[in-house]
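Below is one structure; the comments refer to it alone.
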Amino acid sequence: WSGNLEIAACLIEHGADVQARHAEGGSAPLAYAVMKNDVPMVELLLAHGADVKAADKSGATPLHLAADRGYQQLVEFLIAKGADVNARDRAGSAPLDEAAARGYGGIVQTLILHGAQLDEENPETGRTPLNEAAAKGSTEVVQALLAMGADRKRRDRSGATPLENAARARHAAAAGALLAGGSADSAGMLLLEAALKGQADIADILISKGVKVNVRDKSGATPLHQAALKGNLAIAKLLLDHGAEVDARDVDSATPLLDAVLSGHREMVALLLDKGADAEARDIESGATPLYHAAAWGRTAVVELLIARGADVNAKSKSGETPLGAAVKNGFTEAARLLREHGAK
């Protein structure tokens, strides 16, 4: 049914059924013509009674197919012929969802101007067109939907806003568009998440839009704590360059330096020390220094670095134990050797 207009016209003239369905997928001739972007064939079929709203076995209508493929002319033509702009397939998707996910801004605008529901949720995913576009990184569509008044705070079935979906999928441009549109409610938590995951591009966008670099989670950890814990140097540098508190303490009194020490991230430890981190900052519970913790956990490279930076090799914890004592007790002979070489007792 696609590609030879004269043959199709002849078949129709001799009684061919324009509503005949493919046995497997349930597609009618009109669907095949749409998928081929064959406008003359679509016109012919509709002129001879093809159902513009006919859905295949997946529930997709010709308008779904045209919107999903970016066929602007066909979308406009099908709408003019009475296509349902709010029809949903069996996955809960409307033509607007298809166009939004694919990044077809012109089709998105056309559908909305002809009655497509701007903030209608997919009943299966709970996602609106804006959330769908954000999750797929369709920046142009995000901007278009925001300009048309889409709800930027609407959460999907997983509880995520458009901004959260864009950020978690590392779509920096889409996240930036949402932030520019005022979607900053959950941005602080997203910065913490970006720091933990090493998403420097997302962190940069969030910071550039005014998200506070010293925001804290429920445990009192800042983004710098998260970056230090995971050894995400690029994020840590970005945060420090924008005023992150280098010796911030979480609810357990741990500093970013202590997190980096415990995780064994030598380069992170060096960076934090270069930025003024207190090498003698003790945790409140044990009263132990970063060097003590490095020795106790066998972080030999970190032990060596802290000693080189002037850490007190004989600083005692509240229990009176020294870094050397901790290293020996836990069987870390190399760390113990380094400490002894530098006067530890």
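The values are calculated or read from the model by the stated rules, or taken from the named source; none is laboratory data. Only a predicted model underlies this, so the values are computations on that prediction, with no experimental measurement involved. Glycine gets a Cβ as well: all are built from the backbone with ideal geometry, and neighbour counts include every protein chain shown.
Couple of notes before you dig in:
- Complete set of residues in the range 149-164 that are charged (D, E, K, R) and farther than 21 Å from Ile202 by Cα: Asp151, Arg157
- A Cβ distance below 9 Å, combined with a sequence gap of six or more or placement on separate chains, defines the contacts here; from the range 167-180, residues that are in contact (Cβ under 8 Å) with a residue 12 or more places away in the chain and assigned to a loop (DSSP other than H, G, I, E, B) reach residues that are of a type in the set (Gly, Ala, Ser) and surrounded by fewer than 22 Cβ atoms within 10 Å (Cβ to Cβ) in the pairs Ala169/Gly137; Arg170/Gly137; His171/Gly137.
- Within this structure, Thr255 passes the test of being hydroxyl-bearing (Ser, Thr, Tyr), under 28 Å from Glu193 (Cβ atoms) and buried (at least 22 other Cβ atoms within 10 Å of the Cβ).
- Verdict on Ala173 being closer than 21 Å to Lys136 by Cα and not polar (S, T, N, Q): yes
- Helices (runs of 4 or more DSSP H) wholly inside the range 287-334 containing at least 1 residues that are within 37 Å of the chain's Cα centre (by Cα): 290-296, 300-308
- Among residues of the range 198-221 being at pLDDT 90 or above and more than 14 Å from Leu239 (Cβ to Cβ), the one that is surrounded by the fewest Cβ atoms within 10 Å (Cβ to Cβ) is Lys218.
- Some residue of the range 2-14 being modelled with pLDDT of 90 or more and either touching a helix residue (DSSP H, G or I) at 6+ places or on another chain (Cβ under 8 Å) or surrounded by fewer than 17 Cβ atoms within 10 Å (Cβ to Cβ) (or both): no
- Evaluation of Gly137 against (1) crowded, with 23+ Cβ neighbours inside 10 Å; (2) at positive phi; (3) not charged (D, E, K, R) (one fails), failing number: (1)
- Filtering Gly126, Gly188 for residues that are closer than 30 Å to Ser27 by Cα and in contact (Cβ under 8 Å) with a residue 12 or more places away in the chain leaves a single hit, Gly126.
- Near pairs, Cβ below 8 angstrom, 6+ apart or cross-chain, from the range 224-248 (crowded, with 20+ Cβ neighbours inside 10 Å) to any residue that is hydroxyl-bearing (Ser, Thr, Tyr) and assigned to a helix (DSSP H, G or I): Ala228/Ser263; Leu229/Ser263
- The lone exception for Asp156 - which of (1) surrounded by 20 or more Cβ atoms within 10 Å (Cβ to Cβ); (2) outside any loop (DSSP other than H, G, I, E, B); (3) acidic (Asp, Glu) it fails: (2)
- Boolean, Leu45 is surrounded by 14 or more Cβ atoms within 10 Å (Cβ to Cβ), more than 42 Å from the chain's Cα centre (by Cα) and modelled with pLDDT of 90 or more: yes
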